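No value in this document is a laboratory result; all are computed from the given coordinates. Note that this is a predicted model, so its numbers are computed, not measured. Note: ideal-geometry Cβ built from the backbone for every residue, glycine included; neighbour counts use all protein chains shown.
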């Protein structure tokens, strides 16, 4: 999981937006529309990053359709400190 987190956050262009989604979901579960609004991102951009995060078992979902709500996966919860370590690298990369 540590390598996956590094790759998704530090090693790819979309890492900043994925990190923002992970941070938001740590505080509260949201649906894609809510994430779009609170993060100021296009809905399609959020949906793309959600799919990437789901495919890599970083987030999970509950519900169906438009109202699907996303949560951090248990694996991501367990490795959240690793994510926070990588977060500094992301912010410094784009300053």
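Of note:
- Filtered residues of region 1-47 (kept if closer than 17 Å to residue 69 by Cβ and out of contact with any strand residue (DSSP E or B) (no Cβ under 8 Å at 6 or more places or on another chain)): 23, 27, 28, 33, 34, 36, 37, 39, 43, 46, 47
- Any hit, region 52-62, residues being touching a strand residue (DSSP E or B) at 6+ places or on another chain (Cβ under 7 Å) and farther than 17 Å from residue 4 by Cα: yes
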